[in-house]
Each structure stands twice: as C-alpha cells, then as structure tokens.
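The values are calculated or read from the model by the stated rules, or taken from the named source; none is laboratory data. Being a predicted model, the structure only gives us computed values, none of them experimental. In this analysis, Cβ positions are derived from the backbone assuming ideal geometry, glycine residues included, and neighbour counts consider all displayed protein chains. In case anyone asks, the SASA skips ligands and DNA or RNA and just uses the protein heavy atoms, side chains included. Shrake-Rupley method; radii C 1.70, N 1.55, O 1.52, S 1.80 Å.
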Amino acid sequence: MWCRRLACLFKVPCQLSGSTRHRSPWLPHDRRTVLTAAARWHHTAPESLKCAWQLHGDHLELRYANTLMRFDFVWLRDHCRSASCYNAKTNQRSLDTASVDLGIKPKAVRVDETTLFLTWPDGHVTRYGLEWLVKNSYEGQKQQVMHPRILWNAEIYRQAQVPSVDCRSFLETDEGLKEFLQNFLLYGIAFVENVTPTKEDTEILAERISLIRETIYGRMWYFTSDFSRGDTAYTKLALDRHTDTTYFQEPCGIQVFHCLKHEGTGGRTLLVDGFYAAEQVLRQAPDQFELLSKVPLKHEYVENVGDCHNHMIGVGPVLNVYPWNNELYLIRYNNYDRAVINTVPYDVVHRWYTAHRTLTAELRRPENELWVKLKPGKALFIDNWRVLHGREAFTGYRQLCGCYLTRDDVLNTARLLGLQA
C-alpha cells in the first residue's frame, strides 16, 4: 500500500562506526557517562552493536533495532514514566510540562541491554525501555502505519470474498463483533445480515459499536424520495460518488444504511475505495497528490425547506494525511457541496483543477466501482472518511433508514477487542 511504501522511504540508515564504550573512572564496571562537549558513540557491550548511543548538546542519539533515533532532552524529561511523573492507573501525565527547564540536560546516562537510564541535575532518575523508545520515537512512527488497510477495486474486493456477519453473532458475541470490525477496518465497508427491517432494530445494531451521532438530519433517519430536505439524496435521481457531510468541520466518521423497502427498479448502491484511487494518483502524479493534500477548500450546505434552515461550512483539503508518514486518513470529496473556491490563489487554482481531474478520473474508473443491491435485512456500514458512495436512479417507492456514528467510539470498540485501529 502507498502508506507502507512511503513509510519505507523514511527509514534512516544505521551504518555507524564502532567505538569503545566509555567507562566512568570512578565506577569502572558501570556503563555511565558524564555529558561532555565531544560527542562519541557508546555501546551496551564492546562486542555488540545492537544498541549504541551518543550525547549531543541538546539531544540524545540512540541506535537500537535498526532504527536511529534522536530525542530532545526536554522530551526525555517530559515523558518520564516514574510514579511521581506519570499515573500508571489512569495512564495520565502528572508532571507539569511547563515546569521543565527548556535547557535541561542529563547529568548521567546509562544503557543496558533493555533499558535507558537518565539521571537529571536534581537527582531524579528516568527509565525507558528500549523497545518503548523505538515504538514511540518520531523515527519509529515514520515507519509505522496507524491504520492497516487493504485497498481495493471491485475485483480485489470480490476475490477477497469478505463475509457478512450474522446479526445475532454481531449482537451477542465478541467473536462476531470482532470479525465485523476487522472487516470494516481493513476494507472500509462491512455488512450485517438477517437484521429485522425496522428503524428500531437498525438503531440497536448501530449502538452495538458506537454512540449515534445526532446531526441536522436527526438521530435515526428515514430516507425516501419525498423532497423533504434540501438535498439531492431525497430524490429518485442518480447520485455520483461522494463522501457525506464534507460541510462539517469534522465529517461524520461512519454511515449506516439499511434498506427497509423497495417496490420498483434500480437504486443499486455504488461504493468506491477513495484511498485506492488516491494511491493511483500518488503513483502517477505525486505532485498532484501533494497539492490535493495541502490546498484547503470550503464545502457548504445551505437549506431552507419547510422548518429546516441550515447553513453549514466545513474547511479542509480533499486528501488529509498524517504529516509524519504521509499516511492518508481522510478523503473529503463531494462535488455537489463544494463551495466557491476562494481560498486558492490564481496561480495555484489551475494546478488544483488538474489534480482534482486526475483524482476524479480514478474515482470514476468502472473497474473501481463496486455495485451492491441493498435489500431488507442487510445493513451496510461505510467508513465515510475513506469510501465514497453513490446511487443509480430508481423507480417506485424506496425507503432506507440509517444514521451516522461517532468515529472515536467505533475505533474505541475495536481497540478494546484487541484490533489495531
């Protein structure tokens, strides 16, 4: 995947020249060093290059597990996990960060096979496990993927034969819930079968994994072509691929659809993996990918229908990435709701249109389109930060219900079940 490939590009080479370990003259058998002006490398044992460290004027350099890490001294003091600095029961920091001297330096440093020991000028000792440092260093994070995913087009998804989860297993067992969430995290969509086709039963389903996010559309909503809202979705017309609530400052994380009734033709649901399309742009035109990740746009929803009066504005780039590893975590794509482009100077806007056209072409490739016919009893969960959805035109009476879920609560449920989320 593109995010893993980028992470590999940031790996720091660790070809360091060997050096003998410095021993304190008054503690000949202790691996301790007093900070000196001349930086030099020290090893945990003369015969081993598994771990080496070097002191500089404002930071500690540490090589361990093939990772070269640099730690600011203030960072090392701030993240101390001793009982006086960190509450292990609540997993919260006790140390007042603002009280740490910004010019602090360790008085002594010692490293054994598993642990880094730092003694500060006031005599306080900080201990860090070397594995913990690799995991939590900036350099270590650059090599990690926050959210493991399987990117897909229609053929990849069909060949994967991702199973739906039975409603009873989903509701009553941790195994069924975990299988569902694993599918959802990997693919951005997941199905639950044999759901009683009512709004009430769909609500029970949604609450199994998250709090329901109440929005301007209500908490649980019915969805028909009655023109009851100022939105194209409340018609029988086809809808092009898009993500929802781009006009929110934080778009809704998960959307739930459940078709309760359809007496007519058409109305298939379209699903497109936006991250798969974005990877193609990254491969073909990395400069365009970068532009789409940096240029902020406004999305807007203006509604004056009946008793519904709303004016929502959300701001953000089309592609949102973590800056330390360039991993994509959110796509904000909705051509219906994109507002006037007035946040981009004239000498950039044409390049933005070119990049947007490249991404749109990928999103509209027929091979990337997964078409699903939603039927009563089959509920669909969509990662609205990743997967675009649309609809073909339909005839007759079609009724759906659904809701939005809070993303934090879904990921919380997954983590409590031991999944990486």
Quiz item: So what's the net charge close to residue 172: Lys and Arg +1, Asp and Glu -1, counting the other residues with Cβ under 15 Å from its Cβ?
Solution: -4
Practice problem: Would you mind telling me the share, in percent, of accessible area of the chain contributed by carbon and sulfur at probe 1.4 angstrom? | Solution: 51
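Which of the peptides 113-121, 299-307, 177-185 is most tightly packed, and how do the rest follow, judged by the mean count of other Cβ atoms within 10 Å per residue? Mind showing how you got there, number by number?
Details: 113-121: 15.9, 299-307: 13.7, 177-185: 20.4.
The peptides rank, most packed first, as 177-185, 113-121, 299-307.
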Self-check item: Exposure rank, largest accessible area first [341, 150, 189; 1.4 Å]
Solution: 150, 341, 189
Exercise. For a quick protection proxy, order the peptides 239-246, 99-106 by their average other-Cβ count within 10 Å, most packed first.
Key: 239-246, 99-106
Quiz item: By how many nm would the segment from residue 320 to residue 82 lengthen if fully extended, with 0.36 nm per residue of separation less the alpha-carbon distance?
Solution: 82.1 nm
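Ignoring ligands, DNA and RNA, what accessible area per residue does the chain give at 1.4 Å, in Å²? Intermediate results must be reported in sequence, preceding the final value.
Numbers: 20110 Å² over 421 residues.
Result: 48 Å² per residue.
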Quiz prompt | List 69, 220, 312, ordered by accessible area with a 1.4 Å probe, largest first | solution = 312, 220, 69
Self-check item: Straight-distance crosslink candidates among lysines, where the alpha carbon sits under 20 Å from residue 373 and sequence neighbours closer than 8 are dropped
Solution: 199, 236, 261
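Restricting to DSSP H runs of at least four residues, report the calculated mean residue ellipticity at 222 nm for the chain, -39500 (n - 2.57) per run over all residues, nearest 500 deg cm²/dmol. Each step should come with its number before you reach the end.
On the way: 12 runs with 110 residues, N = 421.
It comes out at -7500 deg cm²/dmol, rounded to the nearest 500.
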Quiz prompt | Distance between segment 154-211 and segment 289-320 - C-alpha centres, whole angstrom | solution = 30
Quiz item: What does the charge add up to near residue 122, with Lys and Arg as +1, Asp and Glu as -1, over the other residues with Cβ less than 11 Å from its Cβ?
Solution: +1
Quiz item: How much length is gained on full extension from residue 122 to residue 215, taking 0.36 nm per residue of separation minus their Cα-Cα distance?
Solution: 28.2 nm
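Computed FRET efficiency, Cβ-Cβ of residue 89 and residue 335, R0 30 Å: what is it to the nearest 0.05? Could the numbers behind the result be given before it?
Details: r = 50 Å, r/R0 = 1.66.
Once rounded, the FRET efficiency stands at 0.05.
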Quiz item: How about segment 328-421: which chymotrypsin sites (Phe, Trp or Tyr not before Pro) there lie in a loop by DSSP and see at most 16 other Cβ atoms within 10 Å?
Solution: 336
Self-check item: Leading residue at positive end of dipole, segment 51-142 (Cβ point charges), from 54, 91, 124
Solution: 91
Quiz item: Rounded to two decimals, what is Rg over Rh for the chain when you use alpha-carbon atoms and the Kirkwood radius?
Solution: 1.07
